[in-house]
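The values are calculated or read from the model by the stated rules, or taken from the named source; none is laboratory data. Because the structure is predicted, anything quoted here is derived from the model rather than measured. Cβ coordinates were reconstructed from backbone atoms using ideal geometry, including for glycine residues, and neighbour counts include every protein chain displayed. Please note that ligands, DNA and RNA were not included when accessible areas were found on the heavy atoms of the full protein model with its side chains. Shrake-Rupley method; radii C 1.70, N 1.55, O 1.52, S 1.80 Å.
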Amino acid sequence: LLEGMCSKRPLVGLDVGSRTVKLALFGSFGSKDGLQQLSCEDPRLGGTVHFFKWPSEDLAKVVEFIKSRGLHEVGRVVVTGHARQRHSDFLVEELRNVDFLEELGAVIRGVSWLADWPTEIYELVPGETGAPPTRKYLDPADASFPFLLVNMGTGVSIVKVWSHRDFQRVSGTAMGGGTYWGLCQLLTDCKTWEEAMELAASGNADDVNLKVRDIYGGDYNLPSGASLPGDLTASYFGKVHRDKRSEEQSLLAALSEMVSQNICQVAYLNARIHRTTKVIFTGNYLRQHKIAQTTIAKNFKRAQYSHANAGGQEMCACFLAHEGYFAALGSLLAESMLEKDTFVRQLTSVDGTDHLTDIEFRWLQTWQFDSSLDGLRLLEAVPEDLFQPPLPKIFSEDGKLASHSSPSLGLCNEDVIFRLSCAAAAQTFCSALVQTDVPALLMELLGQNPRRYVAFASQQASFEKVLDLSAVAVCCALSDCFGRKPLQMAAGGLFGVAWNTFCFLVPSPGPHGSKASKMAMVAALKLLHSASTSVFVAVNGSALSDMCQGSPEKVAAANAAAQSYVGLAVIVAPLAAVLLRRLHRRAPFAAAAALCALTWLQSRRLPETLPTAERTLKVGWAEALNPLASATLLLRQRGTPKLRALSLSYSLVSMTRCADTVLQAFTSKSMNWGRDESARLLSFWGATVFFGSQSLRKILKRMGPDVAVHMGSIFLAAQEFLKSLACSWWHLPAALLLGLPSAGLEPALKALIAQEARQSTALSAGVVQAALKTQQVLTLAVLGSPLIGSAFAQWATQSPTPRFAWHYLLCALAALAGGSVHAACREKES
C-alpha cells in the first residue's frame, strides 16, 4: 500500500461511528485490495486523499491496518465520530499518537472543503407526473458561504456556517434518526436500517396519513383567498385505527415523512431567523433514505414559495452527493493543521468559537497549494450502488479537471494580523510625525494671517469630510468585489509621498502669502492624502475582520493589538519630530515622505484576506455613491434593534474625538503651552493607548467586549471630566492615565457591531466597515464639531475663564450616554 508514497508525510483521519468506521489517508498510495471506496486528488494539499470503510465491529482490523503500515508513527491519527469516546482507551493504547476531534466540527470542515466541488451540492427538482425527482447541481459560486447546515444523526443539530473555520450551533431538535429508528422497531419487525429503507420505499403514506382532501373533499379555500392544496398532510397517522391493521410498508413511509417534515420545518424557520438562503441537509438519517430527501425538498419548496411571494429572498434545500465521508475528511484536514512543533494544539469546540484562535497557519508554506485547481479530482469510480443516481462526468478525455474556479483559502494568521496592524501603525506614524508642523506650514504659506488661516482650515476640513464620506464608501464596496489588496496598495502611501514631498520643497512665500494657484495645489494634495489615509484605515479594518471571521472577541482583540502598535507609533513620532526640527525646520516632512514610500512598498506585500467565494458579484453603486446612505446604513436596518442601538452608542462615543481638534488651542490658553509641549503630550497619549490596548486584550480574554464597552464608557467620561479641570501641567497626563481602561472602547464597540451585522443582516464586512467610518465622519461633521467647537469658543471668550472647560464636559456626557445606550441594549436582550 505504501509503495510509491511521496516525500510528504501521510495524514490520517478516522471516523468511528456506531455502524461503520471510515478512514481517510493523505499520500500517494496504490491500493488494489478492494477496501478502498474513493480516491480524490486534492491540489490544495498537494497529493491524494484515499477513503476506506469497514463495519464498526471491525475496529480492531482498522487499527491493525494502520499499525501494520506504520501510519501512526509518521503522523498523528485524528479520531472523530460519536463512538470515539467509547473506544478512546483502546485507540490510545494501540496507536498512542492520537488526537480526538468533536464530530460536528469535523463534518463542517469536510463539507466546507468540498463545497467548491462542481458536482457536490445539489437541489432536488420535481420530475414530471409520476417521475422521480432529478438532481440539479449548484455552481460553486452559488454554494458559497454563509449557509445553514442541518446535521441529521440520532438527533438534529442546526449550525450556521460562515466559513470552514467559523460556525455556530444555532438550534436543533430531538426528533431525528434515533426517533425514527426507535419507532421503526416498535411498529415493525425490522432488524436493520437497510431493511427499514426497503420497506418504506415500497409503502404508501397516503394509506396512513390524513390529507386535506380527506376532510374537505379537495382543496380548502381560506378567507384570505389562498388555499390549502388537497394533497397537503393534515395529520400524520390520522387514518390509523385500532380495529384496522395498517401495512408495515405504509407505516414506515408515513413515519419517514413525519420525521423529515418536522426537521424541514425547524430548518426552514431557522433559515428565516438567521437570514440564510442556502440550507444544506446532511447526516446518517439521509443514508439510503430517498423518502426523506423527497419530503424535505418538497416541503421546503412549498414553504419558501410562499415566503418568496411575500417579498422574501428565495431559499433552497440542498443535499450532498458524497454523503458519509465528511467527518473522516474533516479529521484528516484537522491533522494537517496540527503538525508537530508548528501549531498550538486546540480541539474544535461545539460552536466553533475557540477553533484555531491562536494558531499560526504556516501550513500554506508547508503544503504547496495550487490555487488554479482548488478542488478534488476523482481518480477511481464511485460504486454505483453507493451514490445514486450516477454522477455526471467531470473530466475531459485527457484527465484534466473541467473549467472550475473557486476561492482561495482565507486563513486566520497571526502573522497576517501583525502585518496589517504594522501597516496601520506606519500610516499613523507618518501623520503624527508632522501633526504639529502642518498648521505651522499653512500659517507660513498664508502670510501668518490668522483670519486667512481660519477660513482656509475650515473650508479644507469640510471638503476633507465630504471626500472621506464618498471615498471610503466607494473603496470599501470595491474591496468587497475585487479584494482588499488592490485598494490597500492604491491607498497605501503614494499620496502621502506626494503631500509630504511638496510640503518639504515648497518655497517660503513673501509677506503677503502664497498665490491662489499654489494654495489650490496645497488643498488638493492635502485632500487626497486625507482621503487615502481614511480609505486605507477602513479597508485595513475590513481585512482584520476577514481574518477573524466576525467573532467579536477576535475582532476586538485584533483591533486592540493594532491600536497598541498605533500607540507605539504615536509615542515615538512627536519626539522624533522635535529632534528632526533641530536639523531642519521641515525635516519631519522629508522623513514622513520616505516612510510613506516604505509603507507603500510594504503594502504590496500584504496578503489578500478576502477569499473569492466571499466576494460580492458586483459593486452596489447606488449605496456606494451616496455617502449619506452609507453613513446611516446601520441605523436604518429594520428588525435589528440591537444593531441600531450599538451604532447609536458608537456615534455618541465618537463625539469625544472632536475635543482633540482644539487641544492645541486649549493648552495654549489654559497653560500657555507651545508646539513642543503639545508634541510631548501627544507622545504621552500614545503611551497610554499602547498600555491601555495591552490591558484590553487581557480583559477581552477574561470578560468579553461587552464588559470592555461598559467599563470603557465610564472611564472615558471620567477622563474627559478631569480634562475639563486642566490648569496645571500634570492635569492632562493624569486624565490620560485615568482613561487607560477606555482605550478599547471603540474597538470593542466595532467588534460587537460587526458581529451583530454578520448575524442579523446580509451586509458584507467591507460595507460594515465603510458604514462605521462614514457614520463616524458624518457624526463629527454634523453634530460633534459644531457642538464641541461652539462650546470651546464660548468657554475661550469668557472673562474670567470658567473653571470647567465646557467642551470637555460635553464629551463626558456623550461618553456616558453611549455607555447607557449599550447597557440598556444588553438589559433588554437579557
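Odds and ends about this structure:
Listed here are the residues, each with its yes/no results for (1) assigned to a helix (DSSP H, G or I); (2) open to solvent by 20 Å² or more (accessible area, probe 1.4 Å); (3) at pLDDT 75 or above.
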{"position": "Leu682", "(1), (2), (3)": "yes, yes, no"}
{"position": "Trp685", "(1), (2), (3)": "yes, yes, no"}
{"position": "Phe690", "(1), (2), (3)": "yes, yes, no"}
{"position": "His710", "(1), (2), (3)": "yes, yes, yes"}
{"position": "Gly744", "(1), (2), (3)": "yes, no, no"}
{"position": "Ile753", "(1), (2), (3)": "yes, no, yes"}
{"position": "Glu756", "(1), (2), (3)": "yes, yes, yes"}
{"position": "Ala762", "(1), (2), (3)": "no, yes, no"}
{"position": "Val768", "(1), (2), (3)": "yes, no, yes"}
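- Set side by side, the residues Ala590, Ala594 differ, and just one is free of Cβ contacts under 8 Å to residues at least 24 places away in the same chain and either farther than 15 Å from Leu420 by Cα or among the acidic types (Asp, Glu) (or both), which is Ala594.
- Just one residue in the set Val170, Val125, Val98, Val107 is of a type outside the set (Lys, Arg) and surrounded by 24 or more Cβ atoms within 10 Å (Cβ to Cβ); that residue is Val107.
- Unique match (being of a type outside the set (S, T, N, Q), farther than 23 Å from Leu104 by Cα and modelled with pLDDT of 85 or more) among Lys22, Lys61: Lys61
- Qualifying residue in the stretch 252-265 (condition: among the acidic types (Asp, Glu) and either in a loop (DSSP other than H, G, I, E, B) or open to solvent by 60 Å² or more (accessible area, probe 1.4 Å) (or both)): no
- Residues in the stretch 723-738 that are in a helix (DSSP H, G or I) and either touching a His at 6+ places or on another chain (Cβ under 7 Å) or surrounded by fewer than 18 Cβ atoms within 10 Å (Cβ to Cβ) (or both): His731, Pro733, Ala734, Leu737.
- With respect to being at pLDDT 85 or above, over 33 Å from the mean Cα position of the chain (by Cα) and either farther than 29 Å from Ala679 by Cβ or open to solvent by 30 Å² or more (accessible area, probe 1.4 Å) (or both), Val497 fits the description.
- Residue satisfying condition, being within 23 Å of Gly155 (Cα to Cα) and open to solvent by 40 Å² or more (accessible area, probe 1.4 Å), within set Trp181, Trp193: Trp181
- Residue pairs meeting the criteria (Cβ under 7 Å; at least 6 apart or on separate chains; first assigned to a helix (DSSP H, G or I) and among the small types (Gly, Ala, Ser), in the stretch 189-210; second open to solvent by less than 20 Å² (accessible area, probe 1.4 Å) and modelled with pLDDT under 90): Ala196/Cys190
- Of all the residues in the stretch 623-649, those that are of a type in the set (A, V, I, L, M) and within 11 Å of Ala473 (Cβ to Cβ) number 6.
- Extreme residue, modelled with the highest pLDDT, among residues of the stretch 141-172 that are among the charged types (D, E, K, R) and touching a His at 6+ places or on another chain (Cβ under 9 Å): Lys160
- Residue in the stretch 611-632 that is at pLDDT 85 or above and among the charged types (D, E, K, R) present: no
- The stretch 210-251, subset farther than 25 Å from Gly182 by Cβ and of a type in the set (S, T, N, Q), residue least open to solvent (accessible area, probe 1.4 Å): Ser227
- Single residue of the stretch 597-610 satisfying the filter (in a helix (DSSP H, G or I) and either out of contact with any helix residue (DSSP H, G or I) (no Cβ under 7 Å at 6 or more places or on another chain) or under 21 Å from Asp480 (Cβ atoms) (or both)) that is modelled with the lowest pLDDT: Ser603
- Qualifying residues in the stretch 500-518 (those that are assigned to a helix (DSSP H, G or I) and at pLDDT 85 or above) - the one nearest to the chain's Cα centre (by Cα): Asn500
- Identification of helices (runs of 4 or more DSSP H) wholly contained in the stretch 45-97 with 2 or more residues that are free of Cβ contacts under 8 Å to residues at least 60 places away in the same chain and touching a helix residue (DSSP H, G or I) at 6+ places or on another chain (Cβ under 6 Å) yields 59-68, 88-95.
- Residues of the stretch 624-650 classified as small (Gly, Ala, Ser) and more than 20 Å from Asp480 (Cβ to Cβ), total: 3
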